[in-house]
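What follows is one structure encoded as structure tokens, with my remarks underneath.
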Amino acid sequence: MVVPHHATGARLARHRLADELTGVVPAPLLADLVAVLAELVGNAVRHADPLPGGVVRVAWRLRTSAEGQRVQLRVTDGGAAAGPRMRTAGTDAVDGRGLHIVSGLADRWGVERDGLGQSVWAEFDPADVTRSDLAVAG
């Protein structure tokens, strides 16, 4: 999907992801996916240029295996002079924690650059969803 390169883009992406994956993945995993997607889109809006048309492209891929659902999120923007990096944020800082959140919730994340811009992706493995999480998801 494409969302505006604006603060509302993160909200639109979160709602669409939640609508499409509710009941498909366990609720605790969905909560992590929504939080990470919001961070990635928010970072694209705050720190990167838009793609042509003033948008950010958001995608997710769900793969089912014997172990459960594996999910990859990907946010593509027009890139920035400095790529995404984790920063140290002081206790009073109002920002600088986003990629720490992504790193803490996702199993892995990274950045890919091409001629159009950059994509920041995050992956979630099914083995990290515990049996108690599955029971809560119902």
Beyond 13 Å, how much of the Cα-Cα pair distribution for the stretch 11-67 remains, as a whole percent?
64
Determine the per residue accessible area of the stretch 1-45 with all protein chains present and a 1.4 angstrom probe, expressed in square angstrom.
43
How much length is gained on full extension from residue 82 to residue 125, taking 0.36 nm per residue of separation minus their Cα-Cα distance?
12.6 nm
Length gained, residue 113-residue 11, 0.36 nm per residue minus C-alpha separation, equals 34.2 nm
Ordering 49, 19 from largest to smallest accessible area (1.4 angstrom probe), what's the sequence?
19, 49
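The values are calculated or read from the model by the stated rules, or taken from the named source; none is laboratory data. Please read these numbers as outputs of a predicted model, since none were measured by experiment. These area figures cover heavy atoms from the full protein model, side chains too; ligands, DNA and RNA do not enter into them. Shrake-Rupley method; radii C 1.70, N 1.55, O 1.52, S 1.80 Å.
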